[in-house]
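Shown next, in structure tokens, is the structure this report addresses.
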Amino acid sequence: MKDYFEIIKNWSEKDSTIALARVIKTWGSSPRPVGSIMLINSEGKMAGSVSGGCVEGAVVKRAQQIIDEKKDEKLSYGISDDDAWSVGLSCGGSIQVFVQSIDFSQGVWKKLLINTENNKSSILISSLNDGNNTNTLIEENGEIIGDPISDEITLEAKNAYIERTNKTITYGDNTYFINVFPRKPTLLIIGAAHITVDLVTLGNLFGFETVVIDPRGYFAQNTTFQDAPSQLLEKYPSEVLHDFPLDAYTFCAILSHDPKIDDNALEILLPSKVGYIGALGSKKTHEKRTKRLQEKGISMDLINRIKAPIGMNIHAKSAKEIALAVMGQIIAAKNEFLN
């Protein structure tokens, strides 16, 4: 939703109702994952994609009617559909798209935009029962806005957030689509090392909130960043880590190469729910790290969460290449549960 915030604002100034199309199911070789979004206004302008170009024309045409009718509708395209060839899904893939007419100035939709603007997570639950057009928003603090839902659906939605996934579920006679709109992911980098400079650049490029933590004044104050991190904290990790949401949308690179600093961070990060922990150093260095952490009472199950040596194996040599290997591994972890 972050990508479409300004478009929604501009379109809403002219038209109160906009169509929101979301991929809710896929089968076979679908070009776009569940949760993919496309917006359509009454003039037929569109933003985003639900199929990478295969069915957009058909969706836009129907969406304009849905805007006029102020309703919602599930649309199916694929090899089993009579229109499969005409919409371009001849490769065996199928998708189901849920289209709703929405006024982003009201209710849960207004709150969703406010949360997006303020970098706060939201979970949106939409009823897929034809004609219902009922929606519920769960906020970061657990507050529920909009139409009431059961405790069971609320739990499913919170689990989807932890799993970083969007999904369709059925409960009783009702079917719902759970759509996770997370805050900007956080990249915590422990240590202002040479690699940190390039990792911050890549983190900024890929939309992370980049935070560098290093208590060593010399390194923190004298590292020259090509792109500034979101925050640079001259503190021990244990002094500041609890100020950050240590959840599935936080990813951690341990780079200081100083056990006093690295272990200080790992003692907090390993028992947490962060989505990724990687640590710089050779296999021999990691063996020593493992022994130190065990002596502090940390189990091997937790220690095994550490990706060490850090990064994908691309035979990296330079700082830039190592940073690329690390970012590749972080992005792989971030997308691991996405369907």
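Quick note: the coordinates plus some simple rules give every number you see, no bench work behind them. As the structure is a prediction and not an experimental result, all values here were calculated from the model. All Cβ positions, glycine included, derive from the backbone under ideal geometry; neighbour counts span all protein chains shown.
Brief remarks on what is shown
- The angle between the Cα long axis of helix 319-334 and the longest principal axis of the Cα atoms of the chain comes to about 50 degrees, rounded to the nearest 10.
- Loop-located chymotrypsin sites (Phe, Trp or Tyr not before Pro) in segment 95-146 whose Cβ has at most 10 other Cβ within 10 Å (DSSP): none
- Centroid-to-centroid separation of segment 208-223 and segment 244-320 [C-alpha atoms, Å]: 18 Å
- Of the trypsin sites (Lys or Arg not before Pro) in segment 281-339, those whose Cβ has at most 14 other Cβ within 10 Å and which sit in DSSP loop: LYS296, LYS317
- Taking 0.36 nm per residue of separation and subtracting the Cα-Cα distance, full extension of the segment from LYS273 to LYS317 would add 12.7 nm.
- Under 5 Å, built H, 5+ apart or other chain: amide partners of THR186: GLU209, THR250, PHE251
- For the chain, built as a Gaussian network whose Cα springs stay under 10 Å, the top-fluctuating residue of ASN166, ASN119, ASN222: ASN222
- Shown is the FRET efficiency for ARG292 and ASP3, computed with R0 = 45 Å from the Cβ-Cβ distance and rounded to the nearest 0.05: 0.55.
- With Cα atoms, 0 to 90° folded angle of helix 259-269 axis to the chain main axis: 30 degrees
- The HN-Hα couplings worked out from phi for segment 49-61 by the Karplus form 6.51 cos²θ - 1.76 cosθ + 1.60 (θ = phi - 60°) are 7, 10, 8, x, x, 5, 10, 4, x, 5, 5, 4, 4 Hz, whole numbers, x standing for Gly and Pro.
- Helix-only [θ]222 nm of the chain, DSSP H runs n ≥ 4, -39500 (n - 2.57) each, per residue, nearest 500: -10000 deg cm²/dmol
- Cα→Cβ-extended label distance, 7 Å offset, between GLN226 and SER282, nm: 2.8 nm
- Of THR175, THR17, THR186, the residue with the greatest mean-square motion in the GNM of the chain, using alpha carbon springs below 10 Å, is THR175.
- Mean separation of Cα contacts under 8 Å (6+ apart) over length of the chain, as relative contact order %: 12 percent
- The H on the amide N of THR175, modeled in the peptide plane, is under 5 Å from the matching H of LEU128, ASN129, each at least 5 residues off or on a different chain.
- Selected from LEU155, LEU324, LEU128 as most flexible by GNM, with the chain as the system and alpha-carbon contacts under 10 Å: LEU155
- Between GLU234 and LYS70, residue separation times 0.36 nm minus the direct Cα-Cα distance comes to 53.7 nm.
- Each DSSP beta bridge with both residues in the chain is either parallel or antiparallel, and the antiparallel ones are about 70%.
- The GluC sites (Glu not before Pro) of segment 11-64 meeting both criteria, a DSSP state outside H, G, I, E and B (loop) and at most 12 other C-beta atoms within 10 angstrom of the site's C-beta, are GLU43.
- Positive-pole candidate from ASN118, ILE195, ALA333, dipole of the chain, charges at beta carbon: ILE195
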